[in-house]
Structure formats: structure tokens, C-alpha cells
1. Counting helices only, and only those DSSP H runs with n ≥ 4, report the 222 nm mean residue ellipticity of the chain as the sum of -39,500 (n - 2.57) divided by its residues, in deg cm²/dmol to the nearest 500.
2. What does the extension gain come out to for Leu85 and Gln48, with contour length at 0.36 nm per residue minus their alpha carbon separation?
3. Which of the chymotrypsin sites (Phe, Trp or Tyr not before Pro) found in the range 68-144 are loop residues per DSSP with 14 or fewer other Cβ atoms within 10 Å of their Cβ?
4. Would you mind checking the pairs Lys26/Lys88; Lys35/Lys130; Lys23/Lys130 and listing those with alpha carbons more than 25 angstrom apart?
5. Which residue, Gln31, Gln21, Gln63, tops the fluctuation ranking in a GNM of the chain built on C-alpha contacts under 10 Å?
6. Which of [x] 12, 40, 32, 13, 3, 0; [y] 9, 28, 24, 19, 16, 5; [z] 9, 21, 25, 20, 14, 8, 3, 0 is the computed P(r) over Cα pairs in 10 Å bins from 0, in percent for the structure on display?
7. Normalising by the residue count of the range 16-145, find the relative contact order in percent from Cα pairs under 8 Å and 6+ residues apart.
8. Run the numbers for Ile136 and Ile34: contour at 0.36 nm per residue of separation, minus the present Cα-Cα distance, in nm.
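Computed from the coordinates by the stated procedures, all read-outs in this text should not be read as laboratory data. Here the structure is a predicted model, which means the values were calculated and not measured. FYI the Cβ positions are ideal-geometry reconstructions off the backbone, even for glycines, and counts take in every protein chain you see.
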Amino acid sequence: MAKEKNQRKSPDETQYQAIQQEKEIKRPIIQNCIKAFFVGGLICLIGQVITTFYIYFFDFTEQTAGNPTVATIIFITMLLTGFGLYDKIGQFSGAGSAVPVTGFGNSVISSAIEHRTEGFILGVGANMFKLAGPVIVYGVFAAFVIAIIKTILMKWMGL
């Protein structure tokens, strides 16, 4: 009997749900996916161009070009966020601009900009890593665990 009560809806609930469905904004899911795909792909293409630049002009190898590439992409993201352009890119592309490296740079600098009125130490410094801190902590921990697993597999199992 209690189950039947929960399943029955009062006329007010039914009317409310009908009105809610009428007023709900229809999201163009396919269009949003296409935008996210192309903007995310463009960000990755820019990353590849930067990697190629470091390989050919600074004599990095493919393995060593990754670190300066990531630093450059984060720096570019922070500049674009500071000038208010990255927010526009994010509004246009949605998830496509949340590629982990660019999303990380955006989150760090957005927190810094938002809390700059509180001072450099307690405002910018303390709040900058509220969102980015857990990413760094769990990223380092995950890298440590993977390195141990790799070491075990390579040393003890000969892989």
C-alpha cells in the first residue's frame, strides 16, 4: 500500500511536471558533441604543433618534448583565461575545452583571479590550489603506484 501511495502523483505534481517539460530548454546534444569534438581536437592539434616545434627547433626528443609542451599549453590557457577568452571558448565548446591540461590551467588561474582582492597570500595563494590541489595530490599518488607496478613487472617478471 505504501508503494502505491509513492507511485501515485497528485494533480499538482502532474501539472508541475507537464509545465516543467514545456519550459525545459531543449539542448542540441548532437551539435554540442560535434563542437566539443572539434574544439578538443583543435586543442590537441595545437599541442602537437607545439611538440613538433620543440622537437625540430630545440632538439628535444619525442619523450622529452612532452613536459615543455604541457607547460606551454598551461601558460597559453592561463593567458587566455586572464584575458577572458577561455571562458568564451568554454561556453562555445562545453566539454571540448575541458581537456585535462587546459582545464587544469583554467581552474588554477580562475581561482587566482576570483580571490585576488583578498591579497596575494591568503587570497591568490591559498585559493589557487583548492581545486587544483587534489588533482596534483592524486596525480602524484597515481604516478607513484604505477611506477611501483612497472618496477615490479620489469624487475621481477622480466617484462
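1. Values: 7 runs with 121 residues, N = 159.
One gets -25500 deg cm²/dmol as the mean residue ellipticity at 222 nm.
2. 11.2 nm
3. Sparse-neighbourhood loop chymotrypsin sites (Phe, Trp or Tyr not before Pro): Phe83.
4. Lys35/Lys130; Lys23/Lys130
5. Gln21
6. From the options [x] 12, 40, 32, 13, 3, 0; [y] 9, 28, 24, 19, 16, 5; [z] 9, 21, 25, 20, 14, 8, 3, 0, the structure gives [z].
7. Working: 96 pairs, mean separation 28.2, N = 130.
Contact order relative to length: 22 percent.
8. 33.7 nm
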